[in-house]
Amino acid sequence: MPEGDTVARQCRILDHALAGAVLTVCDLRVPRAATADLVDWTVREVRPRGKHLLIRLVPPVPGAPPMTLHSHLMMDGIWHVDGRALRSSDTSAGPRDPSTIRIALEARHEDGREMRAIAYDVKQVKLLRTADEEQLLGSLGPDLLDPAWDEDPSLRERALANLAAEPERPIGLAMLDQHIMAGIGNIYRSELCFLRRLHPAAPVSAEKDPGALVDLAHRLLELNRDREVRVTTGGMLGRDGDLWVYGRGGKQCRRCRTRIQRDELAEPRLEGTEARVLWFCPRCQAGPGAPAPSAAPRRGRRR
Ligand SMILES: [Zn+2]
């Protein structure tokens, strides 16, 4: 699943391509929005909110309410601008099946430039009044990539309060919960747990410095937002040395040479988190709250 940094990056490129242009084609291939006619609407901006992508539109007639075209990349979604995939390390940049197109936009700028943006496999496509965005997204936790993050300490404080509200919850699940803080996906949760030396199944309360965890999450997402290849190791480890544990099942831990383990942590109450795999080092991450070695990995799958 794309992480917040990927969504932010795709938004920035889409914003650059579309902001200020007038739509000449708007084809929404989802039943709920298929009849919407947005031709002649102007794209005001494209903005991320956590892992949600918002295309804000200004109506051609004064007085009509501004609208937002909402979508979510979920597992496999990707945007192509002018035929080129907005590459990321999360999703394949290869050719996509035209039957998976969900949004097709063409837009013309004042200077005559024409842009084409196609969304493949995106989910939750909705057209709503811009004024109603909060109704849709208001329950999201603070966005780790919110441009106001550094100036507005209340964002960090909210993330910390949300984390502290469920001290017994496994940290590896709390991190994925976009209502606690928005932007962390499967890659960052494995990497953050490793960097904080936390077993993913350990309770939130095992993190003795939650502020350091939140700060690190914010910093990693920000560092990677403009990169095509995500790096959490500081980039000092050479080729194939971008990540500490994610996807490295059976390989040696870069710190202690123990074999990295692969496991699953499921939480049925959160859609999309069932059986999401994660990776960890059983030695580096054997601190407080880690399950006894006999109990971990719980399903014993290794790679
Ligand atoms: Zn290790």
The one condition D152 fails out of (1) of a type outside the set (S, T, Y); (2) out of contact with any Gly (no Cβ under 9 Å at 6 or more places or on another chain); (3) open to solvent by less than 50 Å² (accessible area, probe 1.4 Å) is (3)
Is it the case that R116 is of a type in the set (K, R) and closer than 26 Å to R227 by Cβ? yes
Can you find even one residue in the range 62-69 that is surrounded by 15 or more Cβ atoms within 10 Å (Cβ to Cβ), at pLDDT below 95 and at positive phi? no
Selection from the range 231-242 of residues touching an Asp or Glu at 6+ places or on another chain (Cβ under 6 Å) and either in contact (Cβ under 8 Å) with a residue 40 or more places away in the chain or open to solvent by 50 Å² or more (accessible area, probe 1.4 Å) (or both) yields T232
Mind telling me which of the residues A104, A119 ends up being touching a Phe, Trp or Tyr at 6+ places or on another chain (Cβ under 7 Å) and not basic (K, R)? A119
Report whether or not I187 is closer than 18 Å to G141 by Cα and of a type in the set (V, I, T). no
Evaluate the range 122-136: report whether one residue or more is open to solvent by 70 Å² or more (accessible area, probe 1.4 Å), among the small types (G, A, S) and modelled with pLDDT of 95 or more. yes
Scanning the range 274-303 for residues that are open to solvent by less than 90 Å² (accessible area, probe 1.4 Å), modelled with pLDDT under 55 and either within 7 Å of H199 (Cβ to Cβ) or in a loop (DSSP other than H, G, I, E, B) (or both) gives A296, P297, G300
Could you grab the pairs with beta carbons closer than 9 Å, sequence gap of 6+ or different chains, first residue in the range 182-210 and touching a residue at least 40 places away in the same chain (Cβ under 8 Å) and open to solvent by less than 10 Å² (accessible area, probe 1.4 Å), second one within 14 Å of the ligand (Cβ to nearest atom) and assigned to a helix (DSSP H, G or I)? P200/S190; P200/C193; A202/C193
Is there a residue in the range 192-209 that is touching a strand residue (DSSP E or B) at 6+ places or on another chain (Cβ under 7 Å), within 16 Å of the ligand (Cβ to nearest atom) and not in a loop (DSSP other than H, G, I, E, B)? yes
Per the filter on the range 216-241, residues closer than 20 Å to P48 by Cβ and out of contact with any helix residue (DSSP H, G or I) (no Cβ under 7 Å at 6 or more places or on another chain) are H218, R219, E222, L223, R227, E228, V229
Before we move on, is R87 at pLDDT 95 or above and charged (D, E, K, R)? no
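The values are calculated or read from the model by the stated rules, or taken from the named source; none is laboratory data. A quick note: this is a predicted structure, and the numbers were derived from the prediction, not measured. For neighbour counting, all protein chains shown are included, and Cβ atoms are generated from backbone atoms with ideal geometry for every residue, glycine included. Heavy atoms of the whole protein, side chains included, go into the accessibility calculation; ligands, DNA and RNA do not. Shrake-Rupley method; radii C 1.70, N 1.55, O 1.52, S 1.80 Å.
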